[in-house]
Structure formats: C-alpha cells, structure tokens
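K.L.:
First the structure, which I've put down as structure tokens, then a few questions once you've had a look.
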Amino acid sequence: MRDVIKLRRRGAFPNVRPNGGAALPIITCIEDLRALARRRTPRALFDYADRGAYDEVTIRRNRRDLEAIEFRQRIMVDLSTLTLESALLGQPATIPLAIAPIGMAGFLYGNGEIHGARAAQAFGVPFCLSTLSICSIEDVRAAVREPFWFQLYVMRDRSFTAELIARARAAQCSALMLTVDLPIQGMRRHDSKNGLTVPPRLTLRNAAQIALRPTWAARVLCGKRRLFGNLVSRLPDTAGLSTLAAWIGTQFDLSVTWKDVDWIRQLWDGKLIVKGILDAEDARAACAAGVDAIVVSNHGGRQLDGAPSTISVLPEIAAAVGGRCEVLFDGGIRCGQDILKAVALGARGCLIGKSYVYALAAMGERGVTAALGILRDELRVTLALTGRARIADVDAGILRPR
C-alpha cells in the first residue's frame, strides 16, 4: 500500500537495522500491527487492551458475525467519482471512522493519547479522549490544533462529573460521549492473572516482561504523566489497579438513569453521544432524551459476556432510531470491509478501539497513521468492487441476503 511504503522509506519503524540487519517489518493489515504490539508491550498491558470479559464469548461473536456477512460483487459501474468522504456529528471526515475512547493508552505507548489525537487530526477523523486517559484533557488540547471528543462517566460525586464537563467545555471539545455500559466493572480475568498495576511497576511476576522491553519502559517513564491525568486530584491512593477498581466501585454511579441526561444537558450545550446501546428499546429511549448520536457497542466484549455481537443488533437499532439521531458502530472492526458492512446495515460511521491500540502500541503516532491508511485503502477497494462510487450511497443492497 502506498502509505505503508512511504512510512518504510521514511524510517517509520525505529527498531530496525537498515544495513543488512533484521528485516523491515511489512505492515499490510491490522493483524500485523497487533503482532508487533504484542512483541513491544508487556503482557499485562497488551492483554488489558486485547482480551475481554469472563470466557470472552462476546468478543468472539463480534468478529465471527462480521466475518459471516457476504458482499455482492458488482461490475461495469462508473467509479470515476469514487469518494469515502463523510461527516460525523456535522464534522467532516475523510472516512466514516472515529477513534474510540481507550483507557490507559498512555501506558501502551508514552504520551499515547497525544500520539493518537495528532494522528487522527492529521488524517481527518475524530478522536475521543477517555476519562481514564493518562494524558489529561488539557495535555491533549495543548498538543493539537483542533478540538476533539471527550468521553464521560457519571460519578456518584456529581460535582466531579460537573468538573469534568467544565474542563471539556474549556478545552472546546466538539462532542461529549456519555458511556453508559459500565455502571459496574466487568470481570476481566487476564488483568488479575497478569498482576496489572497502575502505574505499571516492577514485580517478580513481570520483571522479565519489562526488562525485555526497555524502549517501551523509557517512553512511558519519559511521558508527561504516569497516573490518570483527569482523575489524579480525586484518587485517594494510586498504589495499583486494585485501588482504581475500588475507586470505580465507590464513584461509578449505579443509580444513573435517562433523567441524568437532562442534567448533563444543563451543563453541556454541544453535541451529545451516548455509547453502550445494545437494545432497540434503549435506542428509542436515547432518541427521546434528545441525544445527537448513539454508539451501538458492547464495550468491545469487555463488560457483559454472553451479550450479542454489535453487528447482529445494528439493523434493528438503526430501524428503531429511524434517523432521529446518528448511529455509530463499535465492536470488532479490523479492516475496511468491516466498516463498509456496518455502514450498509445502518451506521453513519464506526469507532475503532482495539485496532487503534494495536497500532499505537506498535509504533505510536506513525502506527496510528498507518492503521488509518490501511483501513481507508481497504474500504476504498471494497466500496468499488461492490459497485458504489460514494460511501454516502451505501445501503444493505451491497450485501448478500443472509
């Protein structure tokens, strides 16, 4: 691919000897970035990004059900005006894609959130910063030219929630993404088995993993922060992940209902997205609450194991919304074909989570740029081979009936 070739010529892969040493890594797909990220990141952090809840039934369904969808190949269509340009929440996008909020991205790669935001801005797609980011709202805003989206959890301490909204408003964030599918943290067995701590610290269990990755350690240690930049003033203790889990247990509010959207609207007059919709009834409730967009999401299979795949419920949710708000899709996107399938089934655009963190952990900003280029090129080719010239014209007619 042209973008990947350019990256290689510019020396985008830093840990490679140019003269007769190790072969240059050839990055052709998201799975190549995943493999590189796995080598360059300690196991505890890679598994945090890569794995799911309980027995990982839902995370497997996300991929299985996407892969099962078949395209109709069409021929002899004028494709001279082929374009992928789209708009998400009124914001122009080069492709119908945004980067999802990912907690602890700054531990996968030093200053990771800044790298991700810069890559997204340069490529022309929205970036959403997690509440549980390492770099703070202010850190990221100072590093980019244009506003980004901010993810919000409603806390029991509503003054803290109001404070986060005020900080997002002061940073001129263009949208607020209210995440509603984490009233209680799902059971992620690999985090416990790997002894994941925040911040990462040297223990007998992980000593070899860290020692074998000095480049990763140096980047994280030299980053702007080594704690949660948006939460540090409220955390009573930051000794490890168990402290964070305990803090979530006391702060994430189990009593949140749709009435709280009205309260948020009083504090936020910008675009409002609700992420975590997996049922048509909840989609209708979101529309009634007046949100601008919903994200069909099962939290990447990291919350309720045994829930359906997001692609299997997307059509009924899109039908329930009936155009009253934008529908975004999240869950299992690994290639451009997946993006096109989701758009065909009713999504305005997609969010990438795991695909983004693989790229970030592998190569930082250059990795994210490479991933976005790969997804764009795959989407462009697939769109053309289904006989459509514009992403805006895509519907279920490009798919074979199931």
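Residues are listed down the side, and each one gets a yes or a no for (1) touching a residue at least 40 places away in the same chain (Cβ under 8 Å); (2) touching a strand residue (DSSP E or B) at 6+ places or on another chain (Cβ under 8 Å); (3) farther than 19 Å from residue 337 by Cβ:
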| residue | (1), (2), (3) |
| --- | --- |
| 32 | no, no, no |
| 36 | yes, no, yes |
| 42 | yes, no, yes |
| 50 | yes, no, yes |
| 61 | yes, no, no |
| 64 | yes, no, no |
| 75 | yes, no, no |
| 89 | yes, yes, yes |
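K.L.:
Now, a different point. Answer yes or no as to whether residue 343 is within 19 Å of residue 71 (Cα to Cα) and in contact with a Pro (Cβ under 9 Å, 6 or more places away or on another chain). Quick ask: steps written out before the conclusion?
P.N.:
On the way: within 19 Å of residue 71 (Cα to Cα): yes; in contact with a Pro (Cβ under 9 Å, 6 or more places away or on another chain): yes.
Judged against the criteria, residue 343 is a match.
K.L.:
Follow-up. Going through 379, 385 one at a time, which residue ends up being of a type in the set (A, V, I, L, M, F, W, C), touching a Leu at 6+ places or on another chain (Cβ under 8 Å) and either closer than 26 Å to residue 53 by Cβ or touching a residue at least 40 places away in the same chain (Cβ under 8 Å) (or both)?
P.N.:
Details: 385 fails: touching a Leu at 6+ places or on another chain (Cβ under 8 Å).
It is 379.
K.L.:
Could you run through the stretch 1-28 and say how many residues are surrounded by 17 or more Cβ atoms within 10 Å (Cβ to Cβ) and either at positive phi or modelled with pLDDT of 50 or more (or both)?
P.N.:
Selection size over the stretch 1-28: 2.
K.L.:
Could you list, in sequence order, the residues of the stretch 91-137 that are among the small types (Gly, Ala, Ser) and not in a loop (DSSP other than H, G, I, E, B)? Lay out the reasoning, then the answer.
P.N.:
We begin by selecting, within the stretch 91-137, every residue among the small types (Gly, Ala, Ser); these are 93, 98, 100, 103, 105-106, 110, 112, 116-117, 119-120, 122, 124, 130, 133, 136.
Within the stretch 91-137, 93, 98, 105, 106, 112, 116, 117, 119, 120, 122 meet the criteria.
K.L.:
Is there any pair linking a residue in the stretch 196-224 that is under 15 Å from residue 361 (Cα atoms) to one that is hydrophobic (A, V, I, L, M, F, W, C) and at pLDDT below 75, with Cβ under 7 Å and at least six apart or on different chains, and which?
P.N.:
210/202
K.L.:
Can you give me the number of residues within the stretch 322-332 that are surrounded by 21 or more Cβ atoms within 10 Å (Cβ to Cβ) and either out of contact with any Gly (no Cβ under 9 Å at 6 or more places or on another chain) or not in a loop (DSSP other than H, G, I, E, B) (or both)? Quick ask: steps written out before the conclusion?
P.N.:
In the first step, residues of the stretch 322-332 are kept if they are surrounded by 21 or more Cβ atoms within 10 Å (Cβ to Cβ); the result is 325, 327-332.
Add one more test, that the residue is either out of contact with any Gly (no Cβ under 9 Å at 6 or more places or on another chain) or not in a loop (DSSP other than H, G, I, E, B) (or both), and what stays is 327-330.
Residues meeting the conditions: 4.
K.L.:
Here are some conditions: (1) in a loop (DSSP other than H, G, I, E, B); (2) within 18 Å of the chain's Cα centre (by Cα); (3) not small (Gly, Ala, Ser). Residue 184 meets all but one. Which one does it not meet?
P.N.:
(2)
K.L.:
Got a sec? Which helices (runs of 4 or more DSSP H) wholly within the stretch 187-228 have at least 2 residues that are surrounded by fewer than 13 Cβ atoms within 10 Å (Cβ to Cβ) and modelled with pLDDT of 80 or more?
P.N.:
Numbers: elements: 189-194, 207-211, 214-221.
Passing ranges, in order: 207-211, 214-221.
K.L.:
If a residue must be free of Cβ contacts under 8 Å to residues at least 24 places away in the same chain and surrounded by 23 or more Cβ atoms within 10 Å (Cβ to Cβ), how many such residues does the stretch 148-160 contain?
P.N.:
0
K.L.:
Can you name the number of the only condition in (1) charged (D, E, K, R); (2) within 15 Å of residue 325 (Cβ to Cβ); (3) at pLDDT below 85 that residue 237 fails?
P.N.:
(2)
K.L.:
So, residue 183, is that one touching a Ser or Thr at 6+ places or on another chain (Cβ under 7 Å) and farther than 22 Å from residue 46 by Cα or not?
P.N.:
Working: touching a Ser or Thr at 6+ places or on another chain (Cβ under 7 Å): no; farther than 22 Å from residue 46 by Cα: yes.
No: the conditions fail for residue 183.
K.L.:
Please go through the stretch 347-402 and pick out each residue that is part of a strand (DSSP E or B) and surrounded by fewer than 21 Cβ atoms within 10 Å (Cβ to Cβ).
P.N.:
Keep residues of the stretch 347-402 that are part of a strand (DSSP E or B), which gives 349-352, 390, 399.
The answer is 390, 399.
K.L.:
I'd like the full set of residues that are more than 24 Å from residue 221 (Cα to Cα) and free of Cβ contacts under 8 Å to residues at least 40 places away in the same chain, limited to the stretch 111-126.
P.N.:
Correct list: 121, 124.
K.L.:
Could you list, in sequence order, all residues of the stretch 30-55 that are part of a loop (DSSP other than H, G, I, E, B) and surrounded by 17 or more Cβ atoms within 10 Å (Cβ to Cβ)?
P.N.:
Taking the stretch 30-55 as the starting set, the residues that turn out to be part of a loop (DSSP other than H, G, I, E, B) are 41-42, 51-55.
Within the stretch 30-55, 41, 42, 51, 52, 53, 54 meet the criteria.
K.L.:
Quick one: residue 315 ticks every box in (1) in contact with a Gly (Cβ under 7 Å, 6 or more places away or on another chain); (2) more than 30 Å from residue 215 (Cβ to Cβ); (3) crowded, with 20+ Cβ neighbours inside 10 Å except a single one, so which number is it?
P.N.:
(3)
K.L.:
Has the stretch 281-289 got any residue that is without any contact (Cβ under 8 Å) to a residue 60 or more places away in the chain, more than 19 Å from residue 346 (Cα to Cα) and surrounded by 16 or more Cβ atoms within 10 Å (Cβ to Cβ)?
P.N.:
Yes, the stretch 281-289 contains a residue that is without any contact (Cβ under 8 Å) to a residue 60 or more places away in the chain, more than 19 Å from residue 346 (Cα to Cα) and surrounded by 16 or more Cβ atoms within 10 Å (Cβ to Cβ).
K.L.:
While we're on this one: Could you grab me the full set of residues in the stretch 56-83 that are buried (at least 21 other Cβ atoms within 10 Å of the Cβ) and either in a loop (DSSP other than H, G, I, E, B) or not aliphatic (A, V, I, L, M) (or both)? Walk me through how you get there before you give the answer.
P.N.:
Taking the stretch 56-83 as the starting set, the residues that turn out to be buried (at least 21 other Cβ atoms within 10 Å of the Cβ) are 58-59, 61-62, 66.
Within the stretch 56-83, 58, 61, 62 qualify.
K.L.:
Can you say whether residue 159 is at pLDDT below 95, among the hydroxyl-bearing types (Ser, Thr, Tyr) and out of contact with any strand residue (DSSP E or B) (no Cβ under 9 Å at 6 or more places or on another chain), as far as the supplied structure shows?
P.N.:
Working: at pLDDT below 95: yes; among the hydroxyl-bearing types (Ser, Thr, Tyr): yes; out of contact with any strand residue (DSSP E or B) (no Cβ under 9 Å at 6 or more places or on another chain): yes.
Judged against the criteria, residue 159 is a match.
The values are calculated or read from the model by the stated rules, or taken from the named source; none is laboratory data. Just so you know, these numbers come straight off a predicted model, no measurement behind them. All Cβ positions, even for glycine, are placed from backbone atoms using ideal geometry, and neighbour counts span all protein chains on display.
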